[in-house]
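The values are calculated or read from the model by the stated rules, or taken from the named source; none is laboratory data. Everything quoted here is computed from the prediction, not taken from an experiment. Note that each Cβ is placed from the backbone with ideal geometry, even for glycine, and that neighbours are counted across all protein chains shown. These accessible areas exclude ligands, DNA and RNA; they are computed on the full protein's heavy atoms, side chains included. Shrake-Rupley method; radii C 1.70, N 1.55, O 1.52, S 1.80 Å.
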Amino acid sequence: MSSIKYKNNNLFVENTSVKRLALKYKSPFYLYSNDNIIRNYKSFYSNFKKVDPLICFSVKANSNVQILKILKKIGSGADVVSGGELLKTLKSGIKPNKIVFSGVGKTEEELRLAIKKNILLINVESENEAVVINKISGQIGKKTSIGIRLNPDINAPTHQKISTGKAEDKFGLSKKNLIIFCQNIKKLKNLRLEAISVHIGSQILSENPFKKTLKVLEEIILKTKINFKFVDLGGGFGIAYKKSDRKIKLKNYSNLVEKFKRKYNCKIIFEPGRAILGNAAVLVAKIQYLKKGVNKTFAILNAGMNDFMRPALYDATHNIVPLIKNNKKFNKAIEFVGPICETTCRFIKYKNYQKISQSDYVAIMDVGAYGASLSSNYNTKPLIAELLVTKNKVTVIRRKQDLHKLINY
Ligand code: LLP
């Protein structure tokens, strides 16, 4: 189910025609569905209902404060990876006791902020980081709750650039080093080791690597004999971007997590990003030019890799659909590309597409996660606007960046 769909050949987000918005607001812009965000969150939670987890939405997937406010209202916490994300999360009203902080290179300034704000957990990724947290906590005069991130050495089948749980990846501590860490931690008097965390990668469409990770966690818990108050199982749950993408089945995994929770009497945390926001937005763009190539036609959009990076960075497939469907055929293959001066500023190619014309609008699909948050000012292009639809109400949740401010910073 999605609230982004065609009605009488017109693309709608909830009760709002996208074409109507394209004519009213200057394209390109991100366009979110409030309904999809809420539905995704609730559906994720209901998969794990018996586990009653704390869901800490992974803010890196989308850090728009208005989006975070929607999630806050329905009970979400947050997983942050920088001081900036932490401040945005607090601004959204999400309480510190629902915030976890991950990342391999947290600065002293960021750690000081997190410690002062009393967040639920700082998920530590190295012994040296723990030493710094212990020092700052001592200076402030408090005990800080930490988690320790395990690198379970599990190869989750996904794009190599978004895998995080293999031994060669920079994240977390190996089993051996984590066990040593747990022995040494007692010396760091200003820390309270309360959690173990893992995150094995992103856009994972099979439940098997998650199941394997649970086994490794059991092994560690038995070896360290620590009763962790929290077990943070991370995010990584994939979504179907293409028809051939398999839908991840969480039921069986959820049963295993429930058993695990009962056996070790811990609170389970999840950090989903993509599963909550992925299909909750489209990027509306205009065909600036049609240009004949050899054996194909380029549809040059007014949105580029600076606005939406995933195809250029990960060869990701995102469908591009017309705002108005017709039954006519385009006579050549079409490649949708952007204006940025890089060969990789290309989105997708179709052999058969419907008839389109210069100045038509299209929507790049499933861009809610790692869309706006990964965008940049490359080629000195301002960040584009973000709009939110709630039924038939439209709110600008981020104005387009002012080009003059960008130039005269
Ligand atoms: N927790 C941690 C510690 C993470 O590093 C990540 C993502 C998540 C949770 C959320 O993962 P998700 O549920 O969204 O898969 N830019 C890439 C994805 C990078 C993910 C980085 N870490 C992309 O566009 O595919």
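Brief remarks on what is shown
- Across K98/K393; K291/K349; K267/K393; K72/K215, pairs whose alpha-carbon gap is larger than 26 Å: K98/K393; K267/K393; K72/K215
- Cα lying deepest toward the dipole's positive end in the stretch 34-277, options Q139, C182, S43, charges on Cβ: S43
- Residues of type aspartates and glutamates that K381 reaches as a straight line, Cα spacing below 13 Å, ignoring anything fewer than 8 places off in the same chain: D307, D402
- Across K142/K225; K91/K189; K142/K166, pairs whose alpha-carbon gap is larger than 28 Å: K91/K189; K142/K166
- Rounded to the nearest 20 debye, dipole of the chain from Cβ charges on Lys, Arg, Asp, Glu: 1080
- Counting only protein heavy atoms and a probe of 1.4 Å, the accessible surface of the stretch 34-277 is 51% carbon and sulfur.
- The order of the peptides 128-137, 381-390, 229-238 by mean Cβ neighbours within 10 Å, most packed first, is 229-238, 381-390, 128-137.
- Placing dummy labels 7 Å off each Cα toward the beta-carbon, the span from K351 to V104 is 4.1 nm.
- Across the stretch 245-342 the C-alpha pair distances fall into 5 Å bins from zero in the proportions 2, 8, 14, 17, 13, 10, 8, 7, 6, 6, 4, 2, 1 percent.
- For the options L11, L23, L87, a Gaussian network treatment of the chain with springs between C-alpha atoms closer than 10 Å singles out L23 as fluctuating the most.
- Cross-link check: pairs K5/K247; K42/K95; K73/K135; K88/K187 evaluated at a Cα-Cα cut-off of 29 Å; pairs beyond the cut-off: K73/K135; K88/K187.
- The stretch 340-375 residues near the modelled N327 label - backbone nitrogen below 16 Å, point 7 Å along Cα→Cβ: 354-355
- Inverse mean reciprocal Cα-Cα distance (Kirkwood Rh) of the chain, Å: 22.5
- Taking the DSSP bridge list for the chain and keeping only pairs wholly inside it, about 50 percent are antiparallel.
- Average projected area [Cα convex hull, the stretch 34-277], square nanometres: 12.2
- Taking amide H positions as modeled 1.01 Å from N, with prolines and chain starts lacking one, the residues under 5 Å from N302 and 5 or more places away or on another chain are K286, Q288.
- For the stretch 1-150, the Kirkwood estimate of the hydrodynamic radius, built from every pair of different alpha carbons, is 17.4 Å.
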